[in-house]
């Protein structure tokens with residue numbers, strides 16, 4: 001079940017996605033960390049952020065919408081308060097990084113470079129529910145190239161770039177990341193969406209628009225993983241609506257080297273572990289000796 005991505009070994013290709021797994025320590029009494037591949041932290045910014053006003057999360061017919069607004073404690077508090085505890089969990093920790101400017105992102109990476117216990121960075125170039133910054137980076141090839149190139153230049157660890165699905169050609173964006181020197185990509189982030197309370201005629205989310213995630217987006221996410229796999233020679237972390245081990249198999253067959261589990265953890269805090277177990281059972285029942293052989297194996 002082990003896979004190696006950008007020089008980092010994961011005991012299973014199933015990991016927790018950013019924004020859905022807290023800072024990791026919250027799950028210490030809920031799951032067995034030695035049964036998952038690792039996790040991605042909440043997005044870390046230069047300074048603490050309160051996020052968007054409420055209501056900022058609602059359930060949908062096949063998933064959920066959220067506009068949390070990247071609420072977090074800030075990178076320095078994370079290093080001082082959370083990271084020492086994470087080092088005891090014996091799992092791969094990926095720090096999600098974001099900023100409203102390139103300089104913001106670089107400063108967060110600089111702070112993390114000096115901190116022990118982080119294996120990789122995931123650069124959020126695709127947040128759909130902030131008023132500026134990430135959304136702009138993730139939808140403009142030239143800006144994305146510049147962001148990735150400058151962040152990679154200062155990064156002392158492998159750099160994953162999280163891509164937006166809110167573009168016309170996600171394969172092109174994957175190629176941009178490769179050309180800029182990124183080590184891997186993760187996709188997809190949430191889709192920009194809108195829900196209206198028909199009694200009040202007002203948006204159901206205070207931010208007006210929000211990011212749609214969950215099973216509703218899975219077929220589109222799988223297609224986008226395939227698009228990037230065909231255009232860029234970078235390892236892919238696939239995500240979007242994964243609920244079972246079979247969903248992970250589908251993403252891997254489309255081209256993903258590993259998968260991230262997000263919305264499922266809201267319904268079941270043990271989802272990441274259960275999906276990892278389900279993937280292992282599927283491989284055993286289908287005589288798959290090495291899970292990595294599934295990557296890109298769609299006929």
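Throughout, read-outs are computed from the coordinates displayed, never taken from laboratory work. The structure displayed is predicted, hence computed values, not measured ones. Counting neighbours? That spans all protein chains shown, and the Cβs are built from the backbone with ideal geometry, glycine included.
Of the residues examined, residue 59 is one that is on the phi < 0 side of the Ramachandran plot, surrounded by fewer than 20 Cβ atoms within 10 Å (Cβ to Cβ) and either assigned to a strand (DSSP E or B) or touching a strand residue (DSSP E or B) at 6+ places or on another chain (Cβ under 9 Å) (or both). Restricting attention to segment 279-294, does a residue exist that is buried (at least 17 other Cβ atoms within 10 Å of the Cβ) and not in a helix (DSSP H, G or I)? Within segment 279-294, one or more residues are buried (at least 17 other Cβ atoms within 10 Å of the Cβ) and not in a helix (DSSP H, G or I). Can we say residue 247 is crowded, with 17+ Cβ neighbours inside 10 Å, in contact (Cβ under 8 Å) with a residue 12 or more places away in the chain, over 27 Å from residue 176 (Cα atoms) and in contact with a helix residue (DSSP H, G or I) (Cβ under 8 Å, 6 or more places away or on another chain)? Judged against the criteria, residue 247 is a match. Scanning segment 252-278 for residues that are surrounded by 21 or more Cβ atoms within 10 Å (Cβ to Cβ), part of a helix (DSSP H, G or I) and out of contact with any helix residue (DSSP H, G or I) (no Cβ under 8 Å at 6 or more places or on another chain) returns no hits. For residue 233, the criteria (1) under 20 Å from residue 10 (Cβ atoms); (2) buried (at least 16 other Cβ atoms within 10 Å of the Cβ) hold in every case but one, which is (2). In segment 204-220, the qualifying residues are those that are part of a helix (DSSP H, G or I) and in contact with a strand residue (DSSP E or B) (Cβ under 7 Å, 6 or more places away or on another chain), and the one that is nearest to residue 267 (Cα to Cα) is 215. For segment 76-97, filtered to residues that are in contact with a helix residue (DSSP H, G or I) (Cβ under 8 Å, 6 or more places away or on another chain) and surrounded by fewer than 17 Cβ atoms within 10 Å (Cβ to Cβ), the residue that is farthest from residue 33 (Cα to Cα) is 76. The strands (runs of 3 or more DSSP E) found wholly in segment 1-44 and carrying at least 3 residues that are in contact with a helix residue (DSSP H, G or I) (Cβ under 9 Å, 6 or more places away or on another chain) occupy 14-16.
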